[in-house]
Amino acid sequence: MNPMRSLSLNGADALMMIGDSERNCDLFWATGFRAPDPFVYVMAKDGAFVAVKDLELDRARQQVRNADVVAISTYEKRVGDSPPAGAVLAELLRHHGLQRLLVPDDFPLGTADRLRQAGFELQLAPAPLFPQRAVKREDEIEAIASAQQAAEAGMRAAFDAIGNASIEGA
C-alpha cells in the first residue's frame, strides 16, 4: 500500500522522518527498508525519497518501495568539509524545494532545532502517521501466520520437553 494515499500534508510541503527502521515501525512500513542506522525519509505530494549513507545505498535501492533512493554524500559534497550539524540535511531539503515540514512526535529535537534555525518550518504530524497500517497486506498476513505457527510449534516442543522431563533424586 502506498503511504502517500492517506496522509494529509495540512499545508506542509512534506512529511519527514529520521530514524532507523528496526525500531521505527512507521518508517519500515513506509519504505520496506530494514536498516539499523538512521536514514531520512521524505514524502511530498509529488513523491517520496529515502536518503542514506553510501554504505547502505545498494541495499536501499533493492529494498525501498514507493520511494526514490538518494545518497547523502551528494549533499555532503555540496556543503564542503566539516559542515555544521544539520547543514547536509538543510541542503537536501532545499535542493528538493521543501520548506514547511510535518514531523512525527518522536522526531529528534536537536535536528528540529537546527532546521528551525536554518529557516525551516516544522509542525507535528497528526497521529497515527499511517492509519492504513492497521489493514494488513497479503504478504504481512502470511508473515503473521507463519510467525504464529512457529510460536505454536515452539510452545508444543517446550510442553513436550517439560512433560518428558524427570527430576533426578525425586
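The values are calculated or read from the model by the stated rules, or taken from the named source; none is laboratory data. Source: prediction; values computed, not measured. Methodologically, a virtual Cβ is constructed for each residue, glycine included, from the backbone with ideal geometry; neighbour enumeration extends over all protein chains shown. Just the protein is used for accessible areas: all its heavy atoms, side chains included, with ligands, DNA and RNA removed. Shrake-Rupley method; radii C 1.70, N 1.55, O 1.52, S 1.80 Å.
Quick check, is L109 open to solvent by less than 30 Å² (accessible area, probe 1.4 Å) and not hydroxyl-bearing (S, T, Y)?
No.
Looking for something among the basic types (K, R) and either without any contact (Cβ under 8 Å) to a residue 24 or more places away in the chain or exposed (fewer than 10 other Cβ atoms within 10 Å of the Cβ) (or both) - is there at least one such residue anywhere in segment 63-72?
No.
Answer with yes or no whether A143 is without any contact (Cβ under 8 Å) to a residue 60 or more places away in the chain, loosely packed, with under 10 Cβ neighbours inside 10 Å and assigned to a helix (DSSP H, G or I).
Answer is no for this residue.
Considering only residues that are more than 19 Å from T74 (Cβ to Cβ) and among the hydrophobic types (A, V, I, L, M, F, W, C), look in segment 24-53 and name the one that is surrounded by the most Cβ atoms within 10 Å (Cβ to Cβ).
A30
Does L9 satisfy the condition of being hydrophobic (A, V, I, L, M, F, W, C), more than 12 Å from the chain's Cα centre (by Cα), modelled with pLDDT of 95 or more and over 23 Å from K136 (Cα atoms)?
For L9, the condition - hydrophobic (A, V, I, L, M, F, W, C), more than 12 Å from the chain's Cα centre (by Cα), modelled with pLDDT of 95 or more and over 23 Å from K136 (Cα atoms) - is not met.
Can you tell me which residue is surrounded by the fewest Cβ atoms within 10 Å (Cβ to Cβ) among those in segment 112-135 that are touching a strand residue (DSSP E or B) at 6+ places or on another chain (Cβ under 8 Å) and assigned to a helix (DSSP H, G or I)?
Among them, the one singled out is R116.
Mind counting the residues in segment 92-106 that are in contact (Cβ under 8 Å) with a residue 12 or more places away in the chain and surrounded by fewer than 19 Cβ atoms within 10 Å (Cβ to Cβ)?
8
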